[in-house]
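The values are calculated or read from the model by the stated rules, or taken from the named source; none is laboratory data. Please read all numbers here as calculations on a predicted model, not as lab measurements. We place every Cβ from the backbone using ideal geometry, glycine too, and count neighbours over all the protein chains shown.
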Amino acid sequence: MKKKSIFFILGFIILMLNISFSQIGASLTKTGTTSAQFLKIGVGSRALGMGGAFAASATDVTSIYWNPGGLAYVSSSEVTFNHVDWLLDVNFDHAAFAMKLSDFGTVGTFVSVLSMGDMLVRTIEKPEGTGEYFSAGAMTIGLSYARSLTDNFSIGFNAKYIREYIWNESAIGFAIDIGTLYRIPFLNETRLGASISNFGTKMKLHGRDILKLTTAGPGGTNVINTEHQLDAFDLPLLFRVGVAVDVIKTSSSRLTSEVNAIHPNDNTEYLNAGFEYSWNEMIFLRAGYKSLLEKDTEQGFTLGAGVNYRMYGMIALIVDYAYQDFGRLKNVHYFSLGLRF
């Protein structure tokens, strides 16, 4: 019965991939043509310190983002908070919670918020500002579920609500993520992971600022309500596949290497690669390279470190930091704080 379920799920994923790739197009990169770009900002300093190569190593609460199939390996309850001062004075915050429910599986919830300061409204007539201010931002909130179908194979899902806004306009969308994780214990703890992120609806701005009054008729005496026609844009669909191997694994040390291949619907394919060294699963050092082979990318080397400190009984405090090189743009520093209980 379990084998039939696995084959059914794999078949469903292949079908989703065919649909996904059919949206991508054969000759155009479609750079800059998708909505909700904040969905591509990674979460969790552990994964980002490894260059975003995490689809096969994701077994904690941050797997909600990278591969929801790994959420099935959360053994108790976990919560994480992630903050980053993103590029151009933009702030990005993420929080997630996951809890193991015995044989039912693992359930979770998450929220991500992109925010920035208020900006002056400027016009051609008043380039220094009209006295009004506007803001822009985005958020996503969702639920997760994952379950192990066998001792070595798991699958997980996210369902999420997405909203972007600027001034008096906003766009709303809905999406799902699907991920699987397979362990090969006899091959030096090799793990295979795959996920599809942001498969969902298109997004289109609506609001009062796209409405305006126009005059028509002799002498302009007729006033007509008109509306600007705006396009709807796809979500940034991402397909990840990764392989991770514990190159070294002793009673006190572990060195994990992982490589991910990523296929987006709005850019060229690229690779993420990274390492994680662990001492007694307490002290962690990480390094990686993000967006290798991606066309015109500014992303590159990443570094990271972390501490998993057991405070009392089963309660553990997890603190992680990651640094990412953005080339001609400023470097980015990620901070994560987690609690396992």
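Somewhere in region 279-292, is a residue basic (Lys, Arg) and in contact with a helix residue (DSSP H, G or I) (Cβ under 7 Å, 6 or more places away or on another chain)?
yes
Output yes when any residue across region 272-283 is farther than 30 Å from Lys202 by Cβ, modelled with pLDDT of 95 or more, of a type in the set (Ser, Thr, Tyr) and in contact with a Gly (Cβ under 7 Å, 6 or more places away or on another chain), and no when none is. No, that holds for no residue.
May I ask you to verify whether Arg310 is under 20 Å from Ser251 (Cβ atoms) and basic (Lys, Arg)? Yes, satisfied.
Filtering region 289-341 to residues that are acidic (Asp, Glu) and exposed (fewer than 14 other Cβ atoms within 10 Å of the Cβ) leaves Asp296, Glu298.
Evaluate the following for Val61: is it modelled with pLDDT under 95, surrounded by 14 or more Cβ atoms within 10 Å (Cβ to Cβ), of a type in the set (A, V, I, L, M) and within 24 Å of Ile162 (Cα to Cα)?
For Val61, the condition - modelled with pLDDT under 95, surrounded by 14 or more Cβ atoms within 10 Å (Cβ to Cβ), of a type in the set (A, V, I, L, M) and within 24 Å of Ile162 (Cα to Cα) - is not met.
For region 121-150, a residue qualifies if it is among the aliphatic types (A, V, I, L, M), touching a residue at least 60 places away in the same chain (Cβ under 8 Å) and touching a Ser or Thr at 6+ places or on another chain (Cβ under 7 Å), and the qualifying residues are Ala146, Leu149. Here Ala138, Ala95, Ala146 are screened, and the one residue that is within 24 Å of Tyr161 (Cβ to Cβ), more than 16 Å from the chain's Cα centre (by Cα), small (Gly, Ala, Ser) and outside any loop (DSSP other than H, G, I, E, B) is Ala146. The requirement of being within 17 Å of the chain's Cα centre (by Cα) and in a loop (DSSP other than H, G, I, E, B) is fulfilled somewhere in region 236-245, by at least one residue. Of all residues in region 149-167 being in a loop (DSSP other than H, G, I, E, B) and out of contact with any Asp or Glu (no Cβ under 7 Å at 6 or more places or on another chain), which is farthest from Ala232 (Cα to Cα)? Restricting to residues being in a loop (DSSP other than H, G, I, E, B) and out of contact with any Asp or Glu (no Cβ under 7 Å at 6 or more places or on another chain), the top hit is Asp151. Selection within region 180-195: residues that are among the hydroxyl-bearing types (Ser, Thr, Tyr) and touching a helix residue (DSSP H, G or I) at 6+ places or on another chain (Cβ under 8 Å). The member of this set that is surrounded by the fewest Cβ atoms within 10 Å (Cβ to Cβ) is Thr180. Thr106 fulfils the conditions (1) among the polar types (S, T, N, Q); (2) modelled with pLDDT of 95 or more; (3) out of contact with any helix residue (DSSP H, G or I) (no Cβ under 8 Å at 6 or more places or on another chain) except for a single criterion, (3). Each residue in region 56-114 was checked for being touching a His at 6+ places or on another chain (Cβ under 8 Å) and of a type in the set (Gly, Ala, Ser), and 1 of them qualify.
From the list Asp177, Asp118, Asp85, Asp103, which one is among the acidic types (Asp, Glu), in contact (Cβ under 8 Å) with a residue 40 or more places away in the chain and exposed (fewer than 15 other Cβ atoms within 10 Å of the Cβ)? Spell out how you get there, then give the answer.
Numbers: Asp177 fails: exposed (fewer than 15 other Cβ atoms within 10 Å of the Cβ); Asp118 fails: in contact (Cβ under 8 Å) with a residue 40 or more places away in the chain; Asp103 fails: in contact (Cβ under 8 Å) with a residue 40 or more places away in the chain.
Going through Asp177, Asp118, Asp85, Asp103 in turn, just one is among the acidic types (Asp, Glu), in contact (Cβ under 8 Å) with a residue 40 or more places away in the chain and exposed (fewer than 15 other Cβ atoms within 10 Å of the Cβ): Asp85.
Whenever a residue of region 60-81 is under 18 Å from Asn260 (Cβ atoms) and without any contact (Cβ under 8 Å) to a residue 40 or more places away in the chain, it has no partner that is polar (S, T, N, Q) and surrounded by fewer than 24 Cβ atoms within 10 Å (Cβ to Cβ) lying with C-beta atoms less than 9 angstrom away and at least six residues away or across chains.
Beta carbons closer than 9 Å, at least 6 apart along the sequence or on distinct chains, pair a first residue in region 151-162 that is touching a residue at least 60 places away in the same chain (Cβ under 8 Å) and under 18 Å from Asp60 (Cα atoms) with a second that is acidic (Asp, Glu) and in a strand (DSSP E or B) for Gly156/Asp177; Phe157/Asp177; Asn158/Asp177.
Looking only at region 113-142, which residues are out of contact with any helix residue (DSSP H, G or I) (no Cβ under 7 Å at 6 or more places or on another chain) and closer than 30 Å to Ala159 by Cβ? Correct list: Val113, Ser115, Ser135, Ala136, Gly137, Met139, Ile141, Gly142.
Kindly evaluate Asn188 against the criterion of being outside any strand (DSSP E or B), in contact (Cβ under 8 Å) with a residue 60 or more places away in the chain and not hydroxyl-bearing (Ser, Thr, Tyr). So Asn188 passes the test. For region 291-341, filtering for residues that are aliphatic (A, V, I, L, M) and closer than 18 Å to Leu271 by Cα leaves 3.
Kindly establish whether Thr297 is over 27 Å from Ser75 (Cα atoms), modelled with pLDDT under 90 and β-branched (Val, Ile, Thr). Please lay out each step first, then the result.
Details: over 27 Å from Ser75 (Cα atoms): yes; modelled with pLDDT under 90: yes; β-branched (Val, Ile, Thr): yes.
It is true that Thr297 is over 27 Å from Ser75 (Cα atoms), modelled with pLDDT under 90 and β-branched (Val, Ile, Thr).
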